[in-house]
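Reading through the structure tokens given below for one structure.
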């Protein structure tokens, strides 16, 4: 990708993205990456729809989740965070958690190329 393409401003609508199944049953979870590593290896940006799925994970990156609609839930140990539109979560690398709830949300992760850095692809 040339420098002018890489540095141009992009507007991305979640409705134009292909969501991939990422969890369930019970429920379902779908994720769509909005920016490829070719555009930015520094940050990963996308959208997700959670429909009651419970997905356990230890994050391998710093993450911000911002809720667009519904109520997103994040469990860290015994603590439950319920996040609604207009609110966001900061999740530091290494956090053991369970994603849940019923929500459409956006996310930002750093570094964006975490899968390559951890040898997952």
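The values are calculated or read from the model by the stated rules, or taken from the named source; none is laboratory data. Predicted model, so just to flag it, every value in this text is computed and none were measured. Glycine gets a Cβ as well: all are built from the backbone with ideal geometry, and neighbour counts include every protein chain shown.
Quick notes
- Flag if residue 55 is surrounded by 15 or more Cβ atoms within 10 Å (Cβ to Cβ), closer than 26 Å to residue 11 by Cβ and touching a residue at least 24 places away in the same chain (Cβ under 8 Å): no
- Criterion (within 14 Å of residue 54 (Cβ to Cβ) and out of contact with any helix residue (DSSP H, G or I) (no Cβ under 9 Å at 6 or more places or on another chain)) met by exactly one of 98, 109, 67: 98
- Filter result for residue 69 (modelled with pLDDT of 95 or more and buried (at least 18 other Cβ atoms within 10 Å of the Cβ)): no
- Out of 60, 35, sole residue that is closer than 17 Å to residue 116 by Cβ, touching a helix residue (DSSP H, G or I) at 6+ places or on another chain (Cβ under 6 Å) and surrounded by fewer than 18 Cβ atoms within 10 Å (Cβ to Cβ): 60
- Residue within region 99-110 that is surrounded by 15 or more Cβ atoms within 10 Å (Cβ to Cβ) and in a loop (DSSP other than H, G, I, E, B) present: no
- Scope region 14-39; condition assigned to a loop (DSSP other than H, G, I, E, B) and closer than 18 Å to residue 120 by Cα; matching residues: 36, 37, 38
- Criterion (assigned to a strand (DSSP E or B), exposed (fewer than 12 other Cβ atoms within 10 Å of the Cβ) and out of contact with any helix residue (DSSP H, G or I) (no Cβ under 7 Å at 6 or more places or on another chain)) met by exactly one of 50, 90: 90
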